[in-house]
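Encoded as structure tokens, the structure appears first; notes follow it.
Since every read-out is calculated from the coordinates, none of them should be taken as a lab result. Only a predicted model underlies this, so the values are computations on that prediction, with no experimental measurement involved. Here the Cβ is made from the backbone with ideal geometry for all residues, glycine too, and neighbour counts use every protein chain on show.
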Amino acid sequence: MSEAEKPLPLDAWHRARGGRMVPFAGYAMPVQYEGIIAEHLWTRQSAGLFDVSHMGQLLVAGAEAEKGLEKLLPADLAGLKEGRLRYSLLLDVDGGIVDDLMVTRRGDHFYVVVNGATKAGDIDYMRDKLPGGVVLDHMKEQALLALQGPKAVDALARLAPGVEELGFMTGGAFAIGGARAWVSRSGYTGEDGFEISVAARDVEAVAEAIAGQPEVKPIGLGARDSLRLEAGLPLYGHDLDIGTTPVEAGLAFALSKRRRAEGGFAGWHRIMKELADGPIRMRVGLFVEGRQPVREGAMMVDVEGSEVGKVTSGGYSPCLERPIAMAYVPLAYAAAGTRVSLAARGKLFAGIVTPMPFVPHRYHRKGAAA
Amino acid sequence: MTVYYSKDHEWVSVEGDEAIVGITDFAQGQLGDVVFVEVPEAGRTFSQGDEAAVVESVKAASDVYAPVGGTVIEGNQAVVDEPSLVNTDPEGQGWFFKLTLSDNHQLSGLMNAEQYKAYCDEQ
């Protein structure tokens, strides 16, 4: 492995647990410990602890923070209550996706979590576009953990009583051991679970305490990717980029009702036109026939063999024990049940458009049956 | 029976002019969980270095190159049916294919067990 990657605060902790470190987003990160399939299945049946400290944690503050962010995000921030978070999209003037993110209203500021590989560009873009009085602070001394799985709540509530009261997409301040933590009920696996922001100096003690719970094992990036693929969640830089719009990406749920009606955010005109007329192409899920996975970069071809679409994520589903993929396909092919041909590794594969998520989400929504 | 190793992390077990080919324990460890294997059909002929088989883990696809040239006697249907054999028994039941060697001299370019261990330690 190249030594150019920066270590994260938990570097030694991962290595001591047998984590195989690989370069990712400019950092050395654990791709797996005992094996991707075992870690994946463990997360779905118990609880997995992920180090996601490569992600960018930002604070956006100032009297005009709400208005300034609403110019860049299609979320209804004015309607976002204290301690609540939303999935949203940082948009450019043409409606292209600069990044996808989570935004939380937290006291006098917004807490924003962006992707690790894109954080530097996001910060430059936001600082350039936000009004002069708005301060954007990159919390470089903050680490981020995710605890995901049906038993995550049992494990974390033992260390931080009260977290069990959080509903999906809400957060609050808690103490874990002696450490101050911001805990939200959210994640990237489709399971119930939490994301836990703590100071870098405290993260080893917090990770140790959480991993010490009998329900919990550390999980690497490999299973993080296979879990989010089964959950139908897009990965920026693969399924989303500056050339994709929220409508094409199937993320219209992130365009809030008020914002659709009022506009006033980057790319609104194009996005409204796509909502009204339909986009040219759509992100869809695919089951791939046979046993061989079809990977990112495979082409979707028509009967003449011309490229009409492309696979943006693809792999093996440990839960379904078959290959699954996400692809952008022409709108005419986007209905569930449509058969498509994929070209990869010099062969043709048959795929069938399938609703996502591939594996049902099991979020903890307040008011819903447990 | 003598076992040789290639720089591409294949093993070749030779008896007379027949060879069995698979990937090493080091290779399966690097790949991680194997979920798909494609092996060549009997009768196919390879030159040394040709793409001979495919192995895919959860994360990635890799080609298996013929470490020696020859004609395939048999592909291992057991690893096609149960790809995880490559992880659990890479240098036994997880073999990929058997072939008749076209040129025994090609074996001299491969490593023995001791040389291969040193080669892996450098990786």
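Between the amide H of A:His364 and those of A:Phe168, A:Gly193, distances stay under 5 Å, these residues lying 5 or more places away or on another chain, with hydrogens modeled in the peptide plane. Placing pseudo-labels 7 Å out from each Cα toward the beta carbon at A:Glu164 and A:Arg84 gives an inter-label distance of 2.5 nm. Cα to Cα, under 15 Å, and not fewer than 8 places away if on the same chain: which aspartates and glutamates meet these conditions relative to A:Lys6? The reachable aspartates and glutamates, counting only those whose Cα sits under 15 Å from A:Lys6, are A:Asp51, A:Glu141.
For B:Glu41 and A:Ala261, the FRET efficiency from 1/(1 + (r/R0)^6), where r spans their Cβ atoms and R0 equals 60 Å, is about 0.45.
For chain A, averaging the sequence separation of C-alpha pairs within contact (under 8 Å, six or more residues apart) and dividing by the residue count gives a relative contact order of 17 percent. Peptide packing for A:213-226, A:53-66 was compared via the average number of neighbouring C-beta atoms within 10 Å per residue; ordered from the highest value, the list is A:213-226, A:53-66. Here's how it looks for A:Val98: its modeled amide H is under 5 Å from those of A:Leu90, A:Leu91, A:Asp92, which are all 5 or more places away or on a different chain. Here the Karplus relation 6.51 cos²θ - 1.76 cosθ + 1.60, evaluated at θ = phi - 60°, turns the backbone of segment B:95-108 into coupling constants of 5, 9, 7, 10, 9, 8, 5, 8, 7, 4, 5, 4, 5, 5 Hz, with x for every Gly and Pro.
State log₁₀ I(q)/I(0) for segment A:160-208 at q = 0.13, 0.22, 0.24 Å⁻¹ as given by the Debye formula over alpha-carbon point scatterers of equal weight, solvent excluded. Log-scaled intensity ratios, in q order: -0.28, -0.77, -0.88. With a Förster radius of 35 Å applied to the beta-carbon distance between B:Asp63 and A:Gln45, the computed FRET efficiency rounds to 0.55. Here the simple spin-label model places points 7 Å from the Cα toward Cβ, and for B:Glu51 and A:Ala343 these points are separated by 1.4 nm.
Hey, how many Å between the Cα centroid of segment A:159-173 and the Cα centroid of segment A:182-250? Their Cα centres are 17 Å away from one another. Just so you know, the averaged projected area of the alpha carbon convex hull for chain A sits at 18.7 nm². A Stokes-Einstein calculation at 37 °C with viscosity 0.692 mPa s, built on the Kirkwood radius of segment B:2-104 over Cα pairs, returns a diffusion coefficient of 251 µm²/s. Site pair B:Glu74 and B:Lys7 shows an inter-label distance of 3.3 nm when each label is modelled 7 Å from Cα along Cα→Cβ. Of the residues B:Ala19, B:Ala27, B:Ala113, the one that moves most in a GNM of chain B with alpha-carbon contacts below 10 Å is B:Ala113.
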